[in-house]
Amino acid sequence: MTRELHPFPGGLQIPPHKELSNAKKSLITPLPDSIILPLQQHIGTPAVPLVKSGDKVLKGQLIARANGYVSVPLHASTSGKIIDIGNYTVPDPLGLKAPCIVIEPDGDDVWFEIKPTHDYTSIEPQALQDVIREAGIAGLGGAGFPAHVKLREGTESAVDTLIINAVECEPFISCDDRLIREKPGYVINGARMIRHAIQAKHCVIALEADMPEAYAALKELIDDDIELIQLPAKYPQGGERQLILALTGKEVPSGGLPIHMGIVMHNAATAAAAFRAVTRGEPLISRYITVSGEVNDPRNLQVLLGTPVKHCADQCGYEEKEGQVIILGGPMMGMFVNNMHMPVIKTTNCVLVTSTYNQSPEMPCIRCGQCVDVCPAELLPQQLYWHAHAKNYDRLRKYHLFDCIECGCCSYVCPSNIQLVQYYRKAKRQITQDERTRLSADHARERFMSRNQRLAREEQSHHNDLLAESDIDEKDKQAFIQAAVERTRTKRAQLSNHENANDDEK
Amino acid sequence: MTGILILLALTVVISVMLYNSRSATPEQEKLVDTVDALLPQTQCGKCGYPGCKPYAEAIVSNRADINQCPPGGRNTIRQLANLLGREIKDLNPAHGKAGPKMIAFIDEDICIGCVKCIQACPVDAIVGAPKQMHTVITQACTGCELCVAPCPVDCISMLVFVQGGRRVKLDPVMRTSP
Amino acid sequence: MKMLMMMRNETVIISSPHMHAATSINRVMTQVVYALIPGILLSAWFFGAGVLIQCLLAVFFVLGVEALMLYLREKPLRLFLFDGSAVVTALLFALCLSPYTPVWVNFTGICFAIIVAKHLYGGIGHNMFNPAMAGYVFILLCFPVYQTSWSLPSGADELQATLLQTLSIIFTGPSSIENFDILSGATTLAWTKSQLSGMFMITEIRNSPLFGSFAGKGTEWIAVAWLFGGIWLLAQRIIKWQMPVYFIGTIFLFSLLFYWYDSDIYLAPVATLFTGGIMLAAFFIITDPVTASTTPRGRIIYVTGIGLLVYVIRTWSAYPDGVAFAVLLMNAAVPLIDNYTRPRVFGEMKHG
Amino acid sequence: MSEFILIIFSAALVNNIIVLGIIGTDPALAFMRRMDVATGLCLTMLVLLPLVSVSGCLLDYWLLVPLQLEYFQLLVFVSTVILIALLLKHHGHRINKKLDARINVFLPLAGINTTVLGTMLLNQELSNTFLKSLVFGMGSALGFSFVLLLMTAAFERLEVADVPVPFRGLPIVLITLALISMAFMGFSGLINQ
């Protein structure tokens, strides 16, 4: 069972630091004081709450339904009382708040009724997809793309290969490694199940070469139906496009999707969660996360979704020190967060505490071209940087800014310490916004023109009607408006008084 | 003598050809459309022209400068400069200053339904009927602020528009006076 | 950090990645300077203390002018002054000069290099032209006479100037000492050129004391030193191997072709490579990332172009060595090369 | 043959019309903002310059010298340039539609352009023969195109550079041009015949 490997261009060898956390058995995190469940833990539209403040819920009970196709439902992580539905800090690069459902656990952790399906092969692929959707499965790798969407697309066109991505290329993170070592059956059977759901011809599980124990664990359970591939450790091997190239030698076209080439990729943890959801009827309410870096006891945890990050860190002996920062996700692509109040969500794979983040001042680019050598998307990072700096957006498109996967390799090697990825993110945001602005401008132009035509028409007809008009009630009109103005003044005054009173209370 | 005659003939030929090749107007019209496409279409009239198209015409015929569009800001000026091969300038402060995109918001508690704002709106983005309360179609509002002044009860305020369709609470710092 | 957050009362955003490799401009430049040291010492051994004095003067001037420019442009002084790039510029410039160059010529060149070629373009990273080469070309065009008289390599028949004499020439001009004429002469290349125009054969010219065992006297061993320094830089992954290899390859190929064509008027390939500034250029000048092309294919076009131009200018133009001109010419062509050598992006289809 | 190659080299590099002849500088500065415009102008020059230098040579040979009207040279040349430019503009599409589409816009401008007239006069000064004029015109156009393309590409880079405010725009472009012309001086003596 040998498969020819095709190394992807660029990439980096980064010290993995996985040994900090991957040797210890994962710990089941005790219940926190409160569970905060954001309505949006995935890409797409946020879920819609089905409960209200004060309701009692049970573990695994549906508390928010999916809103539209690209959306997943949300379940209570434990039993308890809903104490609030409102805006709370969520994992977000800008530190924004978003709507969340907050549960106060009652400590009993009682399960809602669950409907396990012991033999998934007896279910039609279509129905299986629905089960997975109802279980709230979104990609656990980091992007959080609803799993059922990928499955659905998969059944619409013939799928050649299903790839289960267990390549944890980011330093420090070892939650997939731990999951595979502890529950290899879930991953293997999850892979088989997803394969059944999309009727894929081949199935490949890809691991990095520095996960020998996980490899051995899987090897034991595997039959000939699944290929198990070890890939040399290189960042960002786990990127979707990079992994597909490495395994199949095919490049996903710029702007295209893997499914167009008959390839579907799912994360190992997603596969395990899907299997658990189908065979045990337990929706996605917990996940493995790695807590690593400068904590006393770096390790992996099994965490209920919605558990505050601080609570997780405390389990690993976190002590706050001056100069430390918290990063959700890996050091290469993770996001820096200002505090630890936000909850663990479906896409959180790591909590990293570190004080060795990049602080050196930014120097001018010296065009050394090291970023070009490491870019896995074969872009010209420095050209992108120049044009992003000069806000030359047409050029940026010409240089394929949108093919950047924000892996951070360019920033990592830059001798001038330029935060290249940050520039690209900003530029991307700006370009998307400009595009929207342009669309709305076109829209506005149309409306303006149609209004002008309408006015011209009205002018014409008004001119014709003018003679018939009389201005008797003009005075009444004036009086009416005057009265209305008075009325609203008082109303306004009342309102502002009310507001002031409110402020004082606060 | 022959030489002078030949030159004379040459001159006549050239003048005839020059006369025939005066600049063509269709090209100008095309340019107006291209310029118009770069303008933000707020139709706010801050540039001193009644709408974006008239301003585009004024730019093309050299009656107006390229730095008179506050909603477009520096971005628009740069694009215009690139298109027309002119120097990039700062926004002319006489026409206002650039800021984040705003949209109008009608306080429905106060609105008396006078339809004055409906008449003022250049893009028909306000709906309502006489003596009924009015409301702004968020997607269609260009943030031109033309509806603010006519309102007799001051119930229209401009909010900062945050992308993603969310009209997030206005931040008093970012609020610009109408 | 915390202070900052509280002061501004706003969210501080630190963008990923949060790890960084242990490189910096400073480190790169320091290593380049280390790699230059053996060659500089060897130059001083062969061509007298003048070489060292020129280097020291250039470094001194460069720091002064750089500091002045940074001050005028309101840039952080400490951050940029000691990034090392200015020192590298100074050394490369000084190594091009005749050891007898008067101090004001050195100063003028440095001023041109730092002010015009570097800071008017926006300082480090923005300069289109290699500052050292721009400065050298400038003084070559303005004060050509000072670059025609070099100190003679030790081991040649003539005398070498004493330290005192050298100082006197540099600080008060060549006319200050009586026997300047016998203490100075043309470089190997310039002399070869003048002899060739005098209808001498290469075989006759090679017998002159200005030639050593395989190339120019003295310069051959200095070139070997540059070669070793360069190989060290390659091992440190500071420079990319393609650049010197393609550059030297181009020159080698052309000199070989013409040597075969007529060995009487064209120098042998090895003599060509190890005389003049080719080795210095190959590892230290054309590899300057700021002024070189940024795309992989573009870099090859860039260095090949320089190689070709060096050979053309050296062989047929009025100037004995063409490195500086060739580098400047290709510097000017870099944006164009970059524009046409944009590599294919991952997943980019041929027409799409 | 080698003579023609020398003329091309000499006109394109050693006596480049923009950086060393200086007469081509102004139009080059005006058109270097955008690559497509610059290439259009280059094409125009590649068509026009050989044409005018040849016609200048012919006019001189058949009209001005026999009629002893050399003092009318400038006048005749100016009108010839305009005539050729306009003829090309109006009837160019009959020769090659694609090329015409690219260069049509530039022809009226080229008609009143120093570069074109300058090439014509320079060619006259060298008293080239018919074929040599053709080659000289081509060489000049090549040199012009080369430097114009260099400058256009460089301009893009200069735009994003952190140039001190007083030197932004034209000043730094002129400095660049000066540095390029310094570099071109390396070619001096290349062709001394």
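Each value in this text was obtained by applying a stated rule to the coordinates, not by laboratory testing. The structure presented is a predicted model; accordingly, all values stated were derived computationally and were not measured. Please note: Cβ atoms are built from the backbone with ideal geometry, for glycine as well, and neighbour counts cover all protein chains shown.
Share of Cα-Cα pairs in segment C:24-185 beyond 24 Å, in percent?
On the way: 4572 of 13041 pairs.
Taking all Cα-Cα pairs of segment C:24-185, the fraction more than 24 Å apart is 35 percent.
Among A:Cys365, A:Cys409, what is the fewest-to-most ranking by other Cβ atoms within 10 Å?
With the fewest neighbours first, A:Cys365, A:Cys409 line up as A:Cys365, A:Cys409.
Residue by residue through segment D:25-30, which ³J(HN,Hα) values in whole Hz follow from phi under the Karplus form 6.51 cos²θ - 1.76 cosθ + 1.60 (θ = phi - 60°), with glycine and proline marked x?
5, 4, x, 4, 5, 6
In whole Hz, what ³J(HN,Hα) sequence does segment A:39-51 give by Karplus (6.51, -1.76, 1.60; θ = phi - 60°), x for Gly and Pro?
After applying 6.51 cos²θ - 1.76 cosθ + 1.60, I find 6, 10, 10, 9, 7, x, 8, x, 6, 10, x, 10, 10 Hz.
Tell me the relative contact order for chain A as a rounded percent, counting alpha carbon contacts under 8 Å between residues six or more apart.
Working: 989 pairs, mean separation 86.9, N = 506.
17 percent.
Helix-only estimate, please: 222 nm mean residue ellipticity of chain A, summing -39500 (n - 2.57) across DSSP H runs of length 4 or more and dividing by its residues, to the nearest 500. Could you put the intermediate results ahead of the total?
Numbers: 14 runs with 184 residues, N = 506.
Taken over chain A, the calculation gives -11500 deg cm²/dmol.
With a cut-off of 8 Å between alpha carbons and a minimum separation of six or more residues, what is the relative contact order of segment A:290-354 in percent? Walk me through the numbers before you get to the answer.
Numbers: 116 pairs, mean separation 28.4, N = 65.
The value is 44 percent.
I'd like the antiparallel share, as a percent to the nearest 5, of DSSP beta bridges with both residues in the protein assembly as shown. Please report the intermediate quantities before stating the final value.
Details: 45 of 69 bridges.
Of those bridges, close to 65 percent are antiparallel.
Determine how many Å³ per residue the convex hull of the Cα atoms of the protein assembly as shown encloses. It would help to have the intermediate numbers written out before the result.
On the way: hull volume 306.0 nm³, N = 1229.
That works out to 249 Å³ per residue.
Report the calculated FRET efficiency for A:Arg489 and D:Asp36 (r = Cβ-Cβ distance, R0 = 60 Å), to the nearest 0.05. Don't skip to the answer; put the middle values down first.
Numbers: r = 61 Å, r/R0 = 1.02.
After rounding, the FRET efficiency stands at 0.45.
Within segment C:42-135, list the trypsin sites (Lys or Arg not before Pro) lying in a DSSP loop whose Cβ has at most 16 other Cβ atoms in a 10 Å radius. Working shown, then result.
Details: sites: C:Arg73, C:Arg78, C:Lys118; in loops: C:Arg73.
When the trypsin sites (Lys or Arg not before Pro) of segment C:42-135 are filtered for loop state and at most 16 Cβ neighbours within 10 Å, C:Arg73 remain.
Taking θ as phi - 60°, what are the ³J(HN,Hα) couplings along segment A:326-336 by the Karplus curve (6.51, -1.76, 1.60), each to the nearest whole Hz, with x for Gly and Pro?
Result, ordered by residue: 10, 10, 8, x, x, x, 8, 10, x, 10, 6 Hz.
What are the GluC sites (Glu not before Pro) within segment A:321-410 that DSSP puts in a loop, where the Cβ has at most 15 other Cβ atoms within 10 Å?
Working: sites: A:Glu322, A:Glu362, A:Glu378, A:Glu406; in loops: A:Glu322, A:Glu362, A:Glu378, A:Glu406.
Passing sites in segment A:321-410 are A:Glu322, A:Glu362.
How much of the calculated P(r) for segment D:88-193 lies past 16 Å, in percent of all Cα pairs? It would help to have the intermediate numbers written out before the result.
Values: 4084 of 5565 pairs.
Summing the P(r) tail past 16 Å for segment D:88-193 gives 73 percent.
For segment A:58-162, what does the convex hull of the Cα positions come to per residue, in cubic angstrom? Before the final figure, lay out each step's value.
On the way: hull volume 14.8 nm³, N = 105.
Residue-normalised Cα hull volume stands at 141 Å³.
Rounded if a/c is under 1.5, else prolate if a/b is larger than b/c, else oblate: which is segment C:251-306, with a ≥ b ≥ c the root eigenvalues of its Cα gyration tensor?
On the way: a/c = 4.44, a/b = 2.00, b/c = 2.21.
Taking the square roots of the gyration eigenvalues as a ≥ b ≥ c, segment C:251-306 is oblate.
Please work out the C-alpha center-to-center distance from segment A:419-453 to segment D:121-137 and express it in whole Å.
Their Cα centres are 55 Å away from one another.
In terms of modelled amide H atoms, which long-range or inter-chain residues lie less than 5 Å from the amide H of A:Ala138?
A:Ala147
Percent of alpha carbon pairs in segment A:18-289 separated by more than 24 Å? Provide the component values of the computation, followed by the final result.
Values: 18483 of 36856 pairs.
Value for segment A:18-289: 50 percent of Cα pairs lie more than 24 Å apart.
So for chain A: antiparallel DSSP bridges make up what percent, rounded to the nearest 5? Display every interim value, and only then the final one.
On the way: 35 of 58 bridges.
So the antiparallel bridges in chain A amount to around 60 percent.
Using only Cα positions of chain A, each an equal point scatterer, no hydration layer, compute I(q)/I(0) via Debye at q = 0.05, 0.09, 0.11 Å⁻¹ and quote the log10 values to two decimals.
The calculated log intensity ratios at q = 0.05, 0.09, 0.11 Å⁻¹ are -0.26, -0.72, -0.99.
Quick check of the Kirkwood formula: for segment B:100-170, what is the inverse mean of 1/r over all pairs of different Cα atoms, in Å?
Numbers: mean 1/r = 0.0835 Å⁻¹.
12.0 Å is the Kirkwood radius here.
If amide H atoms are built 1.01 Å from N in the plane of the peptide, which residues on other chains or at least 5 residues away come under 5 Å of the amide H of A:Val72?
A:Asn67
If you keep only loop residues by DSSP, which trypsin sites (Lys or Arg not before Pro) in segment B:38-95 have at most 15 other Cβ atoms within 10 Å of their Cβ?
Numbers: sites: B:Lys46, B:Arg63, B:Arg74, B:Arg78, B:Arg86, B:Lys89; in loops: B:Lys46, B:Arg63, B:Arg86, B:Lys89.
Of the trypsin sites (Lys or Arg not before Pro), the ones in loops of segment B:38-95 whose Cβ has at most 15 other Cβ atoms within 10 Å are B:Arg63, B:Arg86, B:Lys89.
Kyte-Doolittle cut-off 0.5, length cut-off 27 Å along the helix's own axis using Cα: show which whole DSSP H helices in chain D pass. Could the numbers behind the result be given before it?
Numbers: long enough: D:35-59 (35 Å, 1.96); D:73-95 (30 Å, 1.31); D:130-160 (46 Å, 1.38).
Within chain D the helices that satisfy the rule are D:35-59, D:73-95, D:130-160.
Report the equivalent ellipsoid semi-axes for segment A:290-354 in whole Å, largest first, defined as the square roots of five times the eigenvalues of the gyration tensor built from alpha carbon atoms. Intermediate results must be reported in sequence, preceding the final value.
Values: eigenvalues 48, 36, 25 Å².
Gyration-tensor ellipsoid for segment A:290-354: 15, 13, 11 Å.
For segment B:22-95, what does the relative contact order come out to in percent, with C-alpha contacts under 8 Å and a separation of six or more? Intermediate results must be reported in sequence, preceding the final value.
Values: 83 pairs, mean separation 19.5, N = 74.
Worked out over segment B:22-95, it gives 26 percent.
Provide the gained length on full extension for the span A:Thr356 to A:His118, in nm with one decimal, where the gain is 0.36 nm per separating residue minus the Cα-Cα distance. Intermediate values should be presented prior to the final figure.
Working: separation 238, 0.36 × 238 = 85.68 nm, distance 4.82 nm.
Roughly 80.9 nm would be gained on extension.
Antiparallel versus total DSSP beta bridges in segment A:18-289: what percent is that, nearest 5? Spell out each step's value before the answer.
Working: 20 of 37 bridges.
The answer is about 55 percent antiparallel.
Does segment C:188-339 come out rounded, prolate or oblate by the C-alpha gyration tensor, with a ≥ b ≥ c the root eigenvalues, rounded set by a/c under 1.5 and, if not, prolate when a/b is larger than b/c and oblate if not?
Values: a/c = 2.33, a/b = 1.60, b/c = 1.46.
It is prolate, given that a/c is not under 1.5 and a/b is the larger ratio.
Setting aside same-chain residues fewer than 8 positions from A:Lys201, which lysines have a Cα under 19 Å from its Cα?
Within the straight-line cut-off, A:Lys201 pairs with A:Lys150, A:Lys250.
Which ordering of A:Val159, D:Val163 is given by a fewest-first count of other beta-carbon atoms within 10 Å?
D:Val163, A:Val159
Quick check: the angle from helix C:188-197's long axis to the longest principal axis of chain C, C-alpha only, nearest 10 degrees?
So the inclination is approximately 50 degrees.
From Cα coordinates alone, what are the radius of gyration and Dmax values for segment B:22-95 in angstrom?
Considering segment B:22-95 through its Cα atoms, Rg and Dmax are 11.5, 37 Å.
How large is the direction-averaged shadow of the alpha-carbon convex hull of chain C, in nm²? Please list the in-between numbers first.
Details: hull surface 89.8 nm².
If you wrap the Cα atoms of chain C in a convex hull and average its projections, you get 22.5 nm².
Hey, what's the Cα Rg ratio for chain D versus the globular rule of thumb, 2.2 N^0.38 Å?
Values: Rg = 17.3 Å, N = 193, 2.2 N^0.38 = 16.3 Å.
Expressed relative to 2.2 N^0.38 Å, the Cα Rg reads 1.07.
Fewest first, what order do A:Met335, D:Met45 take by the number of other Cβ atoms within 10 Å? It would help to have the intermediate numbers written out before the result.
Values: A:Met335 18, D:Met45 29.
With the sparsest Cβ surroundings first, the list reads A:Met335, D:Met45.
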